[in-house]
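Undergrad: This is the structure, below, for whatever I ask next.
Rule-based calculations on the coordinates, nothing more; no lab input. Everything quoted here is computed from the prediction, not taken from an experiment. When we count neighbours, we look across all protein chains shown, and the Cβ atoms used for this are built from the backbone with ideal geometry, even at glycine.
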Amino acid sequence: MPETIIAGNWKMYGRQPSIDALTAAIAAIESSATVIVFPPLVYLAQVRQALQHTHIQWGAQNIAAAFEDGAYTGEVSGAMLADLGCRYVLVGHSERRQLFSENNTTIATKFISAQAAGLIPILCVGETQEERQAGMTKDIVMGQLQAVIDMAGIEAFKQAIIAYEPVWAIGTGLTASPEQAQVVHSQIREHFATIDGTIASVLTLLYGGSVKPGNAAQLFAMPDINGGLIGGASLDADSFKQICQAV
Ligand code: PGA
């Protein structure tokens, strides 16, 4: 069975006091899902301190590409993230693809580096508004996935999570309807099933893009949606709690 996961992506938001307050409130959340938060890198140690004796997990929003520790100014290695108790790392988020020029090769490399450090990558994929309107959603999403399958190998997906995040729904207040999201999720599962049926049947598929307390339950009720990757609403402890309890 796929695992049910609710992940909060805090992006580049927060200061020490607000991170402390948010973390303390999230520590008290009870959910049947695995709950993971992704704070900005500089606050990872602080979040670890607050969460280490709770059931809430934490991870990183980014990882250096193909590098072991070394002379790479400004980068953070998978080994360093593991040293801070991270179990998960986001890879391929559309903001990294669009604003930081990460392409499928960079993303596959980061995916491999994450696993080499013992981390579980959450691989984000999704189409833009123009791509959806042009009827290219399936081609774009499967292309993004296949690029990683080609480089990392299908077996790597035994230790990976996928997040379908339509770019047009991220931070816009526009959410894919549960039916629209389910169509893509089932296509993703079918794509994997053509390669390895066992992996396909246990693969955790998260939906992301303007998930809020008001739409979470309907999204999570879809058969191939195994939880969510939450941006804006994860910065508000009460909203995040409601989403964690909507599974
Ligand atoms: P959002 O972000 O929930 O604010 O749309 C989702 C994400 O970027 O992961």
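Table: residues versus (1) assigned to a loop (DSSP other than H, G, I, E, B); (2) more than 20 Å from residue 82 (Cα to Cα); (3) in contact (Cβ under 8 Å) with a residue 60 or more places away in the chain.
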position	(1), (2), (3)
17	no, yes, no
24	no, yes, no
36	no, no, no
45	no, no, no
48	no, no, no
55	yes, no, no
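Undergrad: Which residues, taken from the stretch 122-163, are within 17 Å of residue 94 (Cβ to Cβ) and of a type in the set (Asp, Glu)?
TA: 127, 130, 131, 139
Undergrad: Can you tell me which residue among 75, 95 is within 16 Å of the ligand (Cβ to nearest atom) and either under 20 Å from residue 12 (Cβ atoms) or assigned to a loop (DSSP other than H, G, I, E, B) (or both)?
TA: Testing whether each residue is within 16 Å of the ligand (Cβ to nearest atom) and either under 20 Å from residue 12 (Cβ atoms) or assigned to a loop (DSSP other than H, G, I, E, B) (or both) leaves just 95.
Undergrad: Now, a different point. I'd like the full set of residues that are part of a helix (DSSP H, G or I) and either touching a helix residue (DSSP H, G or I) at 6+ places or on another chain (Cβ under 6 Å) or under 23 Å from residue 35 (Cα atoms) (or both), limited to the stretch 117-140.
TA: Within the stretch 117-140, 129, 131, 138, 140 meet the criteria.
Undergrad: Let me ask something additional. State which residue is surrounded by the fewest Cβ atoms within 10 Å (Cβ to Cβ) when the search covers only the stretch 100-109 and only residues that are within 16 Å of the ligand (Cβ to nearest atom) and not in a helix (DSSP H, G or I).
TA: 100
Undergrad: Consider only pairs whose beta carbons are under 6 Å apart and that are at least six residues apart or on different chains; among these, list those whose first residue lies in the stretch 122-141 and is closer than 21 Å to residue 152 by Cβ and within 14 Å of the ligand (Cβ to nearest atom) and whose second residue is outside any helix (DSSP H, G or I) and of a type in the set (Asp, Glu).
TA: Correct list of pairs: 124/165; 126/165.
Undergrad: Restricting attention to the stretch 198-220, and to residues there that are part of a strand (DSSP E or B) and of a type outside the set (A, V, I, L, M, F, W, C), which single residue is surrounded by the fewest Cβ atoms within 10 Å (Cβ to Cβ)?
TA: Ranking the qualifying residues of the stretch 198-220, first place goes to 204.
Undergrad: Right, another one. For a quick check of your reading of the model, give me the residue pairs whose first member lies in the stretch 70-95 and is of a type in the set (D, E, K, R), whose second is assigned to a loop (DSSP other than H, G, I, E, B), with beta-carbon atoms closer than 6 Å and at least 6 apart or on different chains.
TA: 75/64
Undergrad: Another question about this same structure. Out of the stretch 54-90, which residues are of a type in the set (Gly, Ala, Ser) and surrounded by 15 or more Cβ atoms within 10 Å (Cβ to Cβ)? Before you say what the answer is, go through the steps one by one.
TA: Let us first name the residues in the stretch 54-90 that are of a type in the set (Gly, Ala, Ser), namely 59-60, 64-66, 70-71, 74, 77-79, 82, 85.
Residues satisfying the conditions are 59, 60, 64, 65, 77, 78, 79, 82, 85.
A quick yes/no check of all residues on (1) in contact with a Leu (Cβ under 9 Å, 6 or more places away or on another chain); (2) assigned to a helix (DSSP H, G or I); (3) of a type in the set (Ser, Thr, Tyr); (4) surrounded by 16 or more Cβ atoms within 10 Å (Cβ to Cβ):
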residue: 111; (1), (2), (3), (4): yes, yes, no, yes
residue: 143; (1), (2), (3), (4): no, yes, no, no
residue: 148; (1), (2), (3), (4): yes, yes, no, yes
residue: 157; (1), (2), (3), (4): yes, yes, no, yes
residue: 162; (1), (2), (3), (4): yes, no, no, yes
residue: 173; (1), (2), (3), (4): no, no, no, no
residue: 181; (1), (2), (3), (4): yes, yes, no, yes
residue: 185; (1), (2), (3), (4): yes, yes, no, yes
residue: 192; (1), (2), (3), (4): yes, yes, no, yes
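Undergrad: Conditions first: (1) within 15 Å of the ligand (Cβ to nearest atom); (2) surrounded by fewer than 16 Cβ atoms within 10 Å (Cβ to Cβ); (3) of a type outside the set (A, V, I, L, M). Residue 223 passes all but one, so which condition is the exception?
TA: Result: residue 223 fails condition (1) only.
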